[in-house]
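Taking it in order: structure first as structure tokens, then the write-up.
Since every read-out is calculated from the coordinates, none of them should be taken as a lab result. The model shown is predicted, which means the values in this text are computed figures rather than measured ones. Quick reminder, even Gly has a Cβ in these numbers, built from the backbone with ideal geometry, and neighbours come from all protein chains shown.
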Amino acid sequence: RPTTSSPHFPQSNGEAENAVSIAKRILLKCPDPNLGLLAYRTTKLESGLSPAELLYGRKLRSTLPSISNFEPVGRDQMKTFRERDWSMKIRMKKNFDERRKVKELPALSIGDRIWVRDLRRRGTVKANA
């Protein structure tokens, strides 16, 4: 399910920021970006499956030698991965909310006054501090 986040607050979308940092690291370290991406996609995650296995449902052949056989990923493996991933995300959200003392905002009703910041308008310095 897609989630929205503020365009000028990158902390609100940690998964996207993490993906960008991984891609930058791959481009810096590998002379051939395609081989770097292949190595990343075939590396196993905490779940025991690689990103390629999660996406394609099978293992990709890479330049690294492997002793495992190339059998497709089963539906029950994918189901347990999704359940484990969902529970990890819930636990991380709970921990984050506890550390940052997050509280639910009251619901807005029609006629409530709110503040909206115009991000296109540039500020000016009026005096020295």
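If I stretch the segment between R75 and R100 completely, what's the gain in nm (0.36 nm per residue apart, minus their alpha carbon distance), one decimal? Walk me through the numbers on the way to the answer.
Details: separation 25, 0.36 × 25 = 9.00 nm, distance 3.74 nm.
Full extension from R75 to R100 adds 5.3 nm.
Under 29 Å between alpha carbons, and skipping anything fewer than 8 positions from K29 in its own chain: which lysines qualify?
Partners within reach: K44, K59.
Quick one: the Cα spread of the chain along its three principal axes, in angstroms, biggest first?
Extents along the principal axes: 66, 37, 26 Å.
Excluding same-chain residues fewer than 8 positions from K101, which lysines have a Cα within less than 16 Å of its Cα?
K93
Give, as a single signed number, the net charge of other residues whose beta carbon lies under 14 Å from the beta carbon of R91, with Lys and Arg counted +1 and Asp and Glu -1. If you can, show how the numbers build up before the last one.
On the way: positive: R84, K89, K93, K94, R99; negative: E46, E83, D85, D97, E98.
So the surrounding residues net to 0.
In degrees, nearest 10, range 0 to 90: what is the angle between the Cα axis of helix 75-100 and the longest Cα principal axis of the chain?
30 degrees
Determine the gain in length on full extension of the stretch R113-V20; use 0.36 nm per residue of separation and subtract their C-alpha separation, reporting nm with one decimal. Intermediate results must be reported in sequence, preceding the final value.
Numbers: separation 93, 0.36 × 93 = 33.48 nm, distance 3.71 nm.
Length gained between R113 and V20: 29.8 nm.
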